[in-house]
1. When ligands, DNA and RNA are left out and all protein chains stay put, how many square angstrom of accessible area per residue does the range 84-158 have with a 1.4 Å probe?
2. If the convex hull of the alpha-carbon atoms of the chain is projected onto planes in all directions, what is the mean projected area in square nanometres?
3. Where the centroid of each part is defined by its Cα atoms, how far is the range 41-117 from the range 131-168 in Å?
4. Cα gyration tensor of the range 33-126, axes a ≥ b ≥ c as square roots of the eigenvalues: rounded (a/c below 1.5), prolate (a/b > b/c) or oblate?
5. Once the Cα gyration tensor of the range 61-185 is diagonalised, what are the square roots of 5 times its eigenvalues, in whole Å and ordered largest first, as equivalent ellipsoid semi-axes?
6. Roughly what % of Cα-Cα distances in the range 172-270 sit above 22 Å, to the whole percent?
7. Give me the percent of accessible area attributable to carbon and sulfur for the range 53-114, probe 1.4 angstrom.
8. Which residue fluctuates the most in the chain, going by a Gaussian network model with Cα springs under 10 Å, if the choices are Lys303, Lys129, Lys143?
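The values are calculated or read from the model by the stated rules, or taken from the named source; none is laboratory data. All values derive from a computational prediction rather than experimental measurement. All accessible areas refer to the heavy atoms of the entire protein, side chains included, with ligands and DNA or RNA removed. Shrake-Rupley method; radii C 1.70, N 1.55, O 1.52, S 1.80 Å.
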Amino acid sequence: MNFMDSTSLFTREKNNPILTAADWPYPANTVFNAGATKFNDEYLLLVRVEDHRGFSHLSVARSKDGASNWQIDAEPTLLPDAESYPEEAWGIEDPRITWVAELGKFVILYTAYSTNGPLVSLATTENFKTFARLGAITYPENKDAALFPRKINGRWCMIHRPVYGAGTQAHIWLAYSPDLIHWGENRILLKARTGGWWDANKIGLNCPPIETPEGWLIIYHGVRHHASGSIYRIGLALLDLHDPGKVIHRGKRWVMGPEVPYERTGDVIDANFPCGAIFEQETDMLRLYYGAADTCMALATAKMSDLLDFLKYDCKD
Ligand code: BMA
């Protein structure tokens, strides 16, 4: 056991929460779990907005500095379309955005909340105004999916998270596809730990894999169940660049858990849930955008080199 403080790697933005339902141009219950990317020299969040029926849709918020003065679309940007896509009956949630240079498009994997449970759907966009849906790419129950930004050994690759055991167990899986629609060669990538671990029983991917010279950085959550509910915390792993099925390192400690009031109170207490991260190579800075307590959006930053050093160090004992 070493005594490095893994929870000091990320620094919370002083103006957190950066977005709340009160900022919204139309009535909303909560705004959280946004996908994130850079677009037209701005930071863009595709925010999950929950309405007063309990159903979610997605809306764009843009900012020049990624932390303040957000310009929010006056109306919902992407609404569920249950008529053409029945799996969207109870809303669309938790988008993960990947810029795919080869296609010249952003590929968005999101949760479609079907009447048979959540599953993963795929849409593309070039402008965050119009979207092309490719439909459901998994069956329920499955969520927490994201696409790698380029083909690996000639095929598209995604991470996803099927659930079994009446929702009590979930591992992180990998799958491959020739065309983004038909997915196969499924296998477990990271297993939930067991017993007393912070990431026992149920884990899921958070942000799309981030390419670094040392491997794909994976940001994932672990759910710890206890007498008064669950705690969603964030951990890290590193995958081989050429074969993402190979795990190079997996951190033992969590790097971020609910600590401050906006993470500890809200519709779902004690839930830190990022869906987007932006890595700025020039400054070595990783910006992590996360939903806090399923209620608002917050930002935390870390140095990529510190995260990679931590992963090596944390695996040793
Ligand atoms: C997960 C997802 C997230 C949510 C989190 C905490 O299973 O459904 O959308 O933020 O639970 O409620």
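1. It amounts to 38 Å² per residue over the range 84-158.
2. Working: hull surface 62.0 nm².
So the mean shadow area of the Cα hull is 15.5 nm².
3. Here the answer is 16 Å between Cα centres.
4. oblate
5. The three semi-axes for the range 61-185 are 24, 20, 14 Å.
6. Value for the range 172-270 (Cα pairs over 22 Å): 37 percent.
7. On the way: 1340 of 2690 Å².
Roughly 50 percent of what the probe reaches on the range 53-114 is carbon or sulfur.
8. Lys129
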